[in-house]
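What follows is a single structure, written as structure tokens, with notes after it.
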Amino acid sequence: MPIENIPLAAVLGSPISHSKSPTLYNYWFKKYSIRGHYIPIDVDPSNLNQILRVMPKMGFVGANVTIPHKEIVLTIADQISDRAAVIGAANTLSFTKAGKIFADNTDGEGFIENLRHHYPSWNPKEGPAIVLGAGGASRAVVSALLQNSTPEIWIANRTRARAEKMTSDFGARLRVIDWYAVSKFISEAATLVNATSLGMIGKPKLQIDLRPLSKKTLVSDLVYAPLETDLLLFAKNKGCRTVNGIGMLIHQAMPGFSRWFGTKPAIDHEIKNLLLA
Ligand code: NAP
């Protein structure tokens, strides 16, 4: 009798023990009675190419990549999605039977889907968005907002040159605003996103004067530890719609799971609690 191949997937990074992806995948395998395995693998950057080439032959159907491989993997992949190319990083790799690697970035999709999940009436076209930060997460958010027809995006980053680089990468709908002048613009934002690591446990606080914030603004923080950051607390007290970062973490993993295992998972409270435990 032939041995049934159980599809395998993995998350590659270094270090990797902190990754929440195995918890997510194992929860979905159980919830949907899917036969599959998902494992964390600590990979030194010098071995990444060799390991990715052998994984399809071992029965892996795909892999997530995280720090420090998200950018370098674009030089290894055989095919790259448009959004991964413009962001300059990938987080989701799919392997063909012939061993080819397709690199995609689902962070921006995860961001948008999370907002839509919480506020189906949220309209990205409604007005300008302010995005704080110019790192990998900011690039993914900006790419997705542009894709969803946000008319203008104002970027503020401590290191201004990094924000300016984004205007040349993403085009005319982006404008750099000074990190220390954000509060002057805040009342005009339809959407405000913290895509910096500020406000996260162990990191400095986000020190921006939020008093001009309008209650019409939707405020989202990519940080999910703590779940309710000072930014979200202030915005909630002001009457704004607020969205924390935990849902984005789940939504960015959903395209990989459905591509590799053929089932689109749904969001539920149990998985949020498991991830926060
Ligand atoms: P990154 O590439 O390292 O970028 C970090 C950003 O934070 C940069 O814009 C950096 O500004 C800014 N920053 C760091 N320390 C600062 C300080 N003391 N003052 C002012 N700005 C500071 O990181 P990333 O991958 O973009 O991630 C950013 C955040 O998003 C992290 O908290 C991460 O956990 C979160 N995230 C969440 C999800 C999710 O699914 N919820 C997904 C991705 C990322 P400079 O350029 O000046 O250094």
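Quick notes
- Contact annotation: residue pairs with Cβ atoms under 6 Å, 6 or more positions apart or on different chains, pairing a residue in the range 20-49 that is of a type in the set (S, T, N, Q) with a partner that is open to solvent by less than 70 Å² (accessible area, probe 1.4 Å) and assigned to a strand (DSSP E or B), are 21/11; 21/64.
- Residue match in the range 153-175 (condition: open to solvent by less than 10 Å² (accessible area, probe 1.4 Å), among the hydrophobic types (A, V, I, L, M, F, W, C) and assigned to a loop (DSSP other than H, G, I, E, B)): no
- Residue 73 vs. criteria over 13 Å from residue 252 (Cβ atoms), of a type in the set (Val, Ile, Thr) and in a strand (DSSP E or B): no
- Extreme residue, nearest to the chain's Cα centre (by Cα), among residues of the range 9-40 that are among the basic types (Lys, Arg) and closer than 21 Å to residue 247 by Cα: 20
- The criterion of at least 1 residues that are within 12 Å of the ligand (Cβ to nearest atom) and of a type in the set (S, T, N, Q) is met, among helices (runs of 4 or more DSSP H) falling completely within the range 81-151, by 107-118, 136-147.
Matching residues to (1) of a type in the set (S, T, N, Q); (2) assigned by TED's automatic domain parsing to the domain that holds residue 22; (3) open to solvent by less than 80 Å² (accessible area, probe 1.4 Å):
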{"residue": "47", "(1), (2), (3)": "yes, yes, yes"}
{"residue": "57", "(1), (2), (3)": "no, yes, no"}
{"residue": "63", "(1), (2), (3)": "no, yes, yes"}
{"residue": "79", "(1), (2), (3)": "yes, yes, no"}
{"residue": "87", "(1), (2), (3)": "no, yes, yes"}
{"residue": "115", "(1), (2), (3)": "no, no, yes"}
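- Search result, residues across the range 170-228 that are out of contact with any Lys or Arg (no Cβ under 7 Å at 6 or more places or on another chain) and among the aromatic types (Phe, Trp, Tyr): 170, 180, 185, 224
- Failed item in (1) within 20 Å of the chain's Cα centre (by Cα); (2) at pLDDT below 95, with residue 3 passing the rest: (1)
- All positions within the range 123-147 that are buried (at least 20 other Cβ atoms within 10 Å of the Cβ) and over 16 Å from residue 82 (Cα atoms): 124, 129, 130, 131, 132, 133, 134, 137, 138
The values are calculated or read from the model by the stated rules, or taken from the named source; none is laboratory data. Treat the numbers as computed from the prediction; the structure is a model and nothing was measured. No Cβ is skipped: glycine too gets one built from the backbone with ideal geometry, and neighbour counts run over all protein chains shown. Ligands, DNA and RNA are excluded from the accessible area calculation, which covers all protein heavy atoms including side chains. Shrake-Rupley method; radii C 1.70, N 1.55, O 1.52, S 1.80 Å.
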